Amino acid sequence: MERQYVSVIGGANIDIIGTPYYNLTPNDSNPGRTTLTLGGVARNIAENLSRLGVNIEFITVLGNDSYSREIEDSCKELNISLEHSQIMPNERTSTYICINNELGEMQVAISDMEIYKYITPSYLEKKLEIINGGAACVVDTNIPEESLEYLMDNSKVPIFLDTVSTKKTEKIKDSIRNVHTLKPNIIEAEILSNMKIITAEDLEKATSIILKKGIKRLFVSLGARGVYYTDGTIKGSILPIPTEIINTTGAGDSYIAAVAWAYLKDFDLEKSAKAGLAASYICVRSNQTVSKDISAQNIENIMENNWRQYDEFKRYFSNKS
């Protein structure tokens, strides 16, 4: 039996996160705690997927420094293959510095990601056989626009795309196509649809515009209001599970990883949305970018225990109609 795997393409970096003990005061030194963890959207997704039991071929570029060695050691420990990644001798490994407020919510961040310019179309062309040999390809928008376009035109497997940020969404809004699953937040959905989203009707119209660009499935993060999901035929929204939020960094990465895992498990659209919310729930309860509590069993338990009432309510009214 052939080994099933998912290729993950994009950023791997060091995350330095600062969270104040009290209200964040601008232009001042704020007492608080700092953590240094491994990050990068694609790396986070790769780790989440690995913890969910998925084999990973990780395609990225790293500098020749102590940070890259930390990433390499971690990937080895997590059984994430770096066979198709590359060390760039004279470059810095990507670094991300994030300042949270006292609630653990990101307020400002700086990212040093110049190294990703080396993930070129010609670089990806050499990796195409391994990409197309997988069950799916998960990619973030840290890589150059022309490289994303190359993937969208040449991938033979479903592409799961993480928009990463509003700035990076801007660069793909006119070229996005041939994407199986896209996970924007509400602001990124506004950019992709070129319209303001205020009402539920606006959201429906905006997602319809985005789907017509060549997107098969959309999961739009609504923050505290959960997620809206649609494939153009099926649509719905689900509220998140209430919990104390320790840190939101990495929650979106865990969401798309769980949705990709759900695809491999052949979950339907609604169940996939729940899997994503369950993964995010686990993530925000941890001070780590990727929670060590992420596992297939934990996600399935959360899905079973937290939405049972919702499912029974839905079945009851569907039988009445």
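The values are calculated or read from the model by the stated rules, or taken from the named source; none is laboratory data. Computed from a prediction, not measured in an experiment: that's the story for all the values here. Ideal geometry is used to build each Cβ from the backbone, glycine not excepted, and the neighbour counts take in all protein chains shown.
The figures follow:
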read-out: Tally of residues being part of a strand (DSSP E or B), over 16 Å from residue 279 (Cβ atoms) and either in contact (Cβ under 8 Å) with a residue 60 or more places away in the chain or not aliphatic (A, V, I, L, M) (or both) across region 215-242; value: 7
read-out: Filter result (over 18 Å from residue 236 (Cα atoms), assigned to a helix (DSSP H, G or I) and under 16 Å from the mean Cα position of the chain (by Cα)) within region 169-204; value: 169, 187, 188
read-out: Selection within region 39-73 - among the basic types (Lys, Arg) and either assigned to a loop (DSSP other than H, G, I, E, B) or under 30 Å from residue 266 (Cα atoms) (or both); value: 43, 51
read-out: Identity of the residue in region 146-168, at pLDDT below 95 and part of a helix (DSSP H, G or I), that ends up surrounded by the most Cβ atoms within 10 Å (Cβ to Cβ); value: 168
read-out: Breaking point among (1) touching a helix residue (DSSP H, G or I) at 6+ places or on another chain (Cβ under 8 Å); (2) surrounded by fewer than 21 Cβ atoms within 10 Å (Cβ to Cβ); (3) not polar (S, T, N, Q), for residue 58; value: (2)
read-out: Members of region 1-17 that are surrounded by fewer than 16 Cβ atoms within 10 Å (Cβ to Cβ) and either under 19 Å from the mean Cα position of the chain (by Cα) or in contact (Cβ under 8 Å) with a residue 24 or more places away in the chain (or both); value: 3, 4
read-out: Any strands (runs of 3 or more DSSP E) falling wholly within region 74-135 and containing at least 1 residues that are modelled with pLDDT under 95 and among the polar types (S, T, N, Q); value: 94-100, 106-112
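Quick grid of which residues meet (1) under 30 Å from residue 30 (Cα atoms); (2) not aromatic (Phe, Trp, Tyr):
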| position | (1), (2) |
| --- | --- |
| 75 | no, yes |
| 90 | no, yes |
| 95 | yes, yes |
| 106 | yes, yes |
| 116 | no, no |
| 151 | no, yes |
